[in-house]
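Student: Pasting a structure here, questions to come.
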Amino acid sequence: MASMDNKRYAPVHVSVYDRPEHFKQCIESLKNNIGAEETTLFISSDGARDSNSLVKVKKVREYIKNISGFKRVFLFAPEENTGGKIRREVRQKVQEYSDRYIITEDDNIFSPYFLKFINDGLRIYEHDEHIRSISGYMYPGFKEKKIKPILLRAYAGWGTGHWLHKDISPEFNQKHFALSVFADQNVFKKINYGNPHLAPMLKRIAEETLNAGDAIKSSLILKNDHYSVFPSVSMVRNIGHDGTGEHCGINNMFSKQEICQIEVVYDRDNDLTCDDADQLWVFNYFGGKYQAIRNMLIYLEKNTTNEIYRIICRNAYRSFNIFSVNYLHKKLNSYFNL
């Protein structure tokens, strides 16, 4: 049973591998947060895969020994590399510890008000079934005159608060869900025209070449008409797109992102609503109409047994260009009722 303290201050699960400098910046920024001294850290530190990572993993674990400024620190550090399994095991332990939790990887730097924003949101929206997470991150370039919480049909995993009773169960099968999306045209359209970035990832998940929990959560939010709370100005800066992380290229747009240095206050007298203009901005941020139409070729490929037709769709997706948008849109309009 979760204690009252655990309800006020959700535990934070930080996963780390072999980036000691990233990890140190992450922890130090969390340590400077309001409420850090009442916050319990769960750290999953996977073992080294090879000799190149061994020294770095040792540095990570030496630093962990000296972490202070938090209520408690639980370290889970297997000698052998588990291929990420330790992260999932620790997530389970966090969920046994509290009915809410915050997740982050080692390459996020936080505003001093991040923990307060997440914990306040977890308390305020605990019983709202439509709201599924509290995000500390906001996508670069979002224009908002006032610093405030906003509601979006979206999910961002860079520093995010969750409730156990509204979370995905451990038995959730990513592949089966992805296949179900491609089996239902209406569901596919709903997800694709909410976030065009997701369809290529769902295709890879269905083919078992990708494991991407954030893509699944984003898709579920769109499918079920759920929401996440976001700050209008990001309270998280990601520094992992520097060539050191897995599944990340090199892009300094994220590491240069300004983060909010003042408290983002919830207006308890007024319910949050999702602004259509904000949602359209998210749609365009993730590729917009161009990418959404292109993704229809993925749907067509997944829903034909004709291998020649599959090859045509696959090649058309790869060679797709802006000049073919209007032509393809007209051709697909009658099929998809866009």
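Here, each number is a calculation from the coordinates, and none is a lab measurement. In this text, all values refer to a predicted model and were calculated from it rather than measured experimentally. Cβ sites come from the backbone with ideal geometry, for glycine too, and all protein chains shown count toward neighbours.
Student: What residue among Asp107, Asp128, Asp278 shows peak mean-square fluctuation when the chain is described by a Gaussian network model with Cα springs under 10 Å?
Tutor: It is Asp128.
Student: At 7 Å along the Cα-to-beta-carbon direction for both Ile124 and Phe172, put a label point, then send me their distance in nm to one decimal.
Tutor: 2.4 nm
Student: What is the Rg over Rh value, at two decimals, for the chain, using alpha-carbon atoms and the Kirkwood definition of Rh?
Tutor: On the way: Rg = 20.9 Å, Rh = 21.3 Å.
Radius of gyration over Kirkwood radius for the chain works out to 0.98.
Student: Right, another one. Expressed in nm to one decimal, what extension gain is obtained for the pair Glu21 and Thr305 from 0.36 nm per residue of sequence separation less their Cα-Cα distance?
Tutor: Working: separation 284, 0.36 × 284 = 102.24 nm, distance 4.95 nm.
Working it through step by step, the gained length comes to 97.3 nm.
Student: In addition: Using amide H atoms built in the peptide plane, which far-off residues or other-chain residues are under 5 Å from Arg100 H to H?
Tutor: Residues meeting the amide H criterion: Leu164.
Student: Now a separate question. Set the Förster distance to 56 Å, then compute FRET efficiency between Leu54 and Asp275 from the Cβ-Cβ distance, nearest 0.05.
Tutor: Result of the calculation: an efficiency of 0.65.
Student: To make sure I understand the rule: partners must be lysines, Cα under 17 Å from the Cα of Lys175, and not fewer than 8 residues away in the same chain. Which ones qualify?
Tutor: Lys203, Lys217, Lys223, Lys302
Student: Using the Karplus curve 6.51 cos²θ - 1.76 cosθ + 1.60 with θ = phi - 60°, work out ³J(HN,Hα) for each residue of the range 262-271 in order, rounded to whole Hz, and write x for Gly and Pro.
Tutor: 10, 5, 9, 9, 7, 8, 6, 8, 10, 5
Student: Under the rule a/c < 1.5 gives rounded, and otherwise a/b versus b/c splits prolate from oblate, where does the range 148-219 land using the Cα gyration tensor?
Tutor: oblate
Student: For Thr304, Thr82, Thr39, what's the fewest-to-most ordering of other Cβ within 10 Å of each Cβ?
Tutor: Listed from fewest to most nearby Cβ atoms, that is Thr304, Thr82, Thr39.
Student: If you don't mind, there's one more thing I want to ask. State whether the range 7-68 is rounded, prolate or oblate according to the following rule on the C-alpha gyration tensor (a ≥ b ≥ c being the square roots of its eigenvalues): a/c under 1.5 gives rounded; otherwise a/b larger than b/c gives prolate, and the remaining case gives oblate.
Tutor: Here the range 7-68 falls in the prolate category.
Student: Compute the longest continuous run of the chain that contains no exposed trypsin sites (Lys or Arg not before Pro); treat a site as exposed when its DSSP state is not H, G, I, E or B and it has at most 12 other Cβ atoms within 10 Å.
Tutor: On the way: sites that count: Lys143, Lys145, Lys146, Lys256, Arg268.
For trypsin sites (Lys or Arg not before Pro) (loop position, at most 12 other Cβ atoms within 10 Å), the longest site-free span of the chain is 1-142.
Student: Could you give the length gained by full extension between Thr209 and Ala316, i.e. 0.36 nm per residue of separation minus their alpha carbon distance, to one decimal place?
Tutor: Numbers: separation 107, 0.36 × 107 = 38.52 nm, distance 2.13 nm.
Here the answer is 36.4 nm.
Student: Only helical DSSP H runs with n ≥ 4 go in: add -39500 (n - 2.57) per run for the chain, normalise by residue count and round the 222 nm mean residue ellipticity to 500 deg cm²/dmol.
Tutor: On the way: 14 runs with 146 residues, N = 338.
After summing the helix terms and dividing by residue count, I get -13000 deg cm²/dmol.
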